[in-house]
Amino acid sequence: MLVFAISDKGGTGRSVTGTNIVYRHALQGNDVCYLDFDFGSPTAGAIFSVSGVSRGTRENGLHEYLRAECPQPRRVDVWAESDREGLRMRPPGAGRLVLLPGSEGGGELSALTDEIVGRCVQLFGRLDEEFDLCMVDVSAGRSFTAELVLAATVRMPTVPFRWLVFHRWTRQHIIAADGLVTGADGLLDVGTRFGHDADDLRDRIRFVRTAVLEPDASELVGLRDEQRAWLSACDSELRELAGRHGVGRTAMLGKIPLDPVLQWREQLITDEDVLASKIANAETAAAFDELAKKIVDDNAWEGL
Amino acid sequence: MLVMGEVHTGLLQNSGEISESTCRQVLAITAGETVRVSRRPIVHALSPERLTGVDCALPAASRSRVRGVGTVVSRCVVTGGRVAQGSSYVRVVRSEADRRLPWSHYLARPGVVEVLGKAKAADLAEGFTGDPAPGCLDLGAVSGRFLDLVQGSPLLDRLAPFKMSRTSLRWVAETGEPSIRFTLHSEQDRTLRLTHPGPFTPAVVDLCEDLATHDWLLTSLLVIVERARIGSTPGAQAAARLTPAIDHLLHLWMPAARVEEWLTPFWDSLERRPGFTRQWHSLVNRVRDQIATNTLALLSTSTEPGRR
Ligand SMILES: Nc1ncnc2c1ncn2[C@@H]1O[C@H](COP(=O)(O)OP(=O)(O)OP(=O)(O)O)[C@@H](O)[C@H]1O
Ligand SMILES: [Mg+2]
């Protein structure tokens, strides 16, 4: 299964959420890989705490691979190469956790050629033979990278794929996330131009809300009643807005609560962060864990 | 001088094994040429061979620049309707000319790469099975693409019963005092050094493909057994994880079935050490025991008096 992670805006939480989902999926016993297709700023290595590739790799990055400058892209075994002690051992029962870093200083794709699409098809096809889940960070907004993966998936009709659109829980983000899917030059528009069936593609897209602060969250305990009432009103207004924009509950795969650790640092939330050092919230880890299950649960992906 | 080749092996991307006739269609990669199929003791299908022209550096352990010009022979293989391979090789010979000749010359010698200038066979053999410098002749890239050709066939449903890495076997064959050395490098990479009596024949390629098939089977079974976590997960769960091996792999073990008589001593030697079949049988027994114990446990709970 290929999963494409996209957001309309930058800084949404796409990379942090995507990497944490992949990590949880590996802990659940699956072989997973994470492809950093955010060619402009390939920083997934930092989230996995692999310092050698924190800003991409100098050699054999995905960018070079797509431009046919190296035969195969580099693979980083996170269980072996992470600098974080808590990650540097594969827990019993966990699957493989592999990062394919982007190229350091690679830059955005500047054009889409048939050859690049062919290389991408080759890469996806081979990884799908090997991994239960391949998460691709497609970067933010409308880009050649998004077009690339739309073009590639048309050419491999039997390889299952899904899209996750990440957005924050604000007015602007909700409207933008809808626009990215249904607007001009959005996923459906470009996808159908490349030969996808609009309804089929639509069914493969779900939304994920990031850094959500629920009105009843424990963080808000110290607030005045007036403040809490105001937040509550905002929240229901947003829910109504999301519903109108097709970003509502039915199209949502899950939401990740605002977490103090993630607010300060882009990282994986391990069970140790929750149970031993207690710096992260248990709800955050549980939300990642649940999303990691839902991503392959066909019930959560039935037609809308 | 020497022959070098590389075989990539993977699980055919289909839910079940494919029939002989589907094999024929999947492997019909060149119009008008037939797929060769043998049925006993296991269905084995070979695509027509194709040539790829090359003019590039050959890998040398000394890192000296050795230029080779000629063609690579490649083909796809499907064994038991279940295991797919892309396989390529070249026969490296000294060129009689000291410059590149017209392509017609090389096309008349399919599968031959001529070395322009000086080169030592041992240097090339070491270079190819060692750590080839980037930009050198990359038979793995060619074989990988041929395997892609099979795996991407529209006749396959791509619903493979389990995920598994491809393995790569890089081999070098020379004429001389018989010897064989099989080495595991990373989880996916293997090399084989073979010295055989008499001149090279394509039967050597068959041997290497057969070895690669069995090494992949063994590697895959090891992975499946590891994933089942026998002993640390409930019996039923472990048994469920082992079933794909029973359904799809166990019957495929037929070492040396397609290897010519004069080459079977090489297989025999690998059977003594590292002992492929010994390890295979011990794993197979483990799988069967686990399933049997689980079945017994199920039976006894369902027949225990007072428990319905
Ligand atoms: N659940 C969360 N709670 C609090 N902060 C979060 C949460 N998720 C992400 N963040 C923070 O939001 C910021 C942006 O996240 P991230 O880098 O994952 O976004 P992105 O969409 O990948 O951005 P870019 O488009 O720049 O790649 C980071 O500082 C991250 O730690
Ligand atoms: Mg990012």
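The values are calculated or read from the model by the stated rules, or taken from the named source; none is laboratory data. What you see is a predicted model; the values in this text were computed from it and never measured. Here the Cβ is made from the backbone with ideal geometry for all residues, glycine too, and neighbour counts use every protein chain on show. Please note that ligands, DNA and RNA were not included when accessible areas were found on the heavy atoms of the full protein model with its side chains. Shrake-Rupley method; radii C 1.70, N 1.55, O 1.52, S 1.80 Å.
At-a-glance table
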| read-out | value |
| --- | --- |
| Exclusive hit being within 12 Å of ligand 1 (Cβ to nearest atom), open to solvent by 20 Å² or more (accessible area, probe 1.4 Å) and farther than 27 Å from A:ARG55 by Cα, set A:GLU283, A:GLU302 | A:GLU283 |
| Unmet criterion (only one of (1) modelled with pLDDT of 95 or more; (2) more than 30 Å from A:GLU272 (Cβ to Cβ); (3) open to solvent by 10 Å² or more (accessible area, probe 1.4 Å); (4) within 14 Å of chain B (Cβ to nearest Cβ)) for A:THR158 | (1) |
| Positions within segment A:17-37 being open to solvent by 20 Å² or more (accessible area, probe 1.4 Å) and either within 9 Å of ligand 1 (Cβ to nearest atom) or not hydrophobic (A, V, I, L, M, F, W, C) (or both), in sequence order | A:GLN28, A:GLY29, A:ASN30 |
| First in segment A:259-286 and outside any helix (DSSP H, G or I), second anywhere and near ligand 1 (Cβ under 7 Å from one of its atoms), Cβ under 6 Å, 6 or more apart | A:ASP259/A:THR284; A:GLU266/A:VAL16; A:ILE269/A:THR284; A:ALA280/A:ASP259; A:ASN281/A:ASP259 |
| Number of the exception - B:ARG40 against (1) in a loop (DSSP other than H, G, I, E, B); (2) touching a residue at least 12 places away in the same chain (Cβ under 8 Å) | (2) |
| Residue among A:GLU226, A:GLU237, A:GLU219, A:GLU214 that alone is loosely packed, with under 12 Cβ neighbours inside 10 Å, at pLDDT below 95 and more than 16 Å from ligand 2 (Cβ to nearest atom) | A:GLU226 |
| Sole residue being closer than 17 Å to A:VAL78 by Cβ and within 9 Å of ligand 2 (Cβ to nearest atom), chosen from A:ASP31, A:ASP36 | A:ASP36 |
| Residues of segment A:173-201 satisfying the condition of being open to solvent by 50 Å² or more (accessible area, probe 1.4 Å) and of a type outside the set (A, V, I, L, M, F, W, C) | A:THR182, A:ASP185, A:ASP189, A:THR192, A:ARG193, A:GLY195, A:ASP197, A:ASP199, A:ASP200 |
| Search result, residues across segment A:132-153 that are surrounded by 22 or more Cβ atoms within 10 Å (Cβ to Cβ) and within 14 Å of chain B (Cβ to nearest Cβ) | A:LEU133, A:CYS134, A:ALA152, A:THR153 |
| Strands (runs of 3 or more DSSP E) (entirely within segment B:123-199) containing at least 3 residues that are modelled with pLDDT of 95 or more and under 23 Å from B:CYS76 (Cβ atoms) | B:167-175, B:189-196 |
| Sole residue being of a type in the set (Asp, Glu) and closer than 17 Å to A:PHE166 by Cβ, chosen from A:GLU266, A:GLU240 | A:GLU266 |
| Checklist (1) touching a residue at least 12 places away in the same chain (Cβ under 8 Å); (2) over 29 Å from A:LEU180 (Cβ atoms); (3) touching a Phe, Trp or Tyr at 6+ places or on another chain (Cβ under 6 Å) applied to A:GLN72, failing item | (3) |
| Candidates B:VAL78, B:VAL115, B:VAL69 - the one that is of a type in the set (Val, Ile, Thr), within 13 Å of B:THR52 (Cβ to Cβ), at pLDDT 95 or above and open to solvent by less than 20 Å² (accessible area, probe 1.4 Å) | B:VAL69 |
| Check on B:LEU222, more than 27 Å from B:MET4 (Cβ to Cβ), of a type outside the set (Ser, Thr, Tyr) and touching a helix residue (DSSP H, G or I) at 6+ places or on another chain (Cβ under 6 Å) | no |
| Pairs with Cβ under 8 Å, 6+ apart, first in segment A:123-140 and free of Cβ contacts under 8 Å to residues at least 12 places away in the same chain, second more than 16 Å from ligand 1 (Cβ to nearest atom) and among the small types (Gly, Ala, Ser) | A:ARG126/B:GLY144; A:GLU129/B:GLY10; A:GLU129/B:ALA160; A:GLU129/B:SER165 |
| Meets criteria (out of contact with any Pro (no Cβ under 7 Å at 6 or more places or on another chain), open to solvent by 30 Å² or more (accessible area, probe 1.4 Å) and over 20 Å from B:GLY80 (Cα atoms)) for B:THR243 | no |
| Residue within segment B:137-149 that is surrounded by fewer than 17 Cβ atoms within 10 Å (Cβ to Cβ) and away from chain A (no Cβ under 11 Å) present | no |
| Subset of segment A:39-66 (residues that are away from ligand 2 (no atom under 16 Å from the Cβ) and among the aromatic types (Phe, Trp, Tyr)) | A:TYR65 |
| Test result for A:LYS255, surrounded by 13 or more Cβ atoms within 10 Å (Cβ to Cβ) and of a type in the set (Lys, Arg) | yes |
| Whichever residue in segment A:38-49 is open to solvent by 10 Å² or more (accessible area, probe 1.4 Å) and over 14 Å from the mean Cα position of the chain (by Cα) and, among such residues, is nearest to ligand 1 (Cβ to nearest atom) | A:SER41 |
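This table checks each residue for (1) within 11 Å of chain A (Cβ to nearest Cβ); (2) closer than 15 Å to B:VAL90 by Cα; (3) open to solvent by less than 50 Å² (accessible area, probe 1.4 Å).
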site	(1), (2), (3)
B:SER153	yes, no, yes
B:LEU156	yes, no, yes
B:LEU159	yes, no, no
B:ARG170	no, yes, no
B:PHE200	no, yes, yes
B:ASP210	no, no, yes
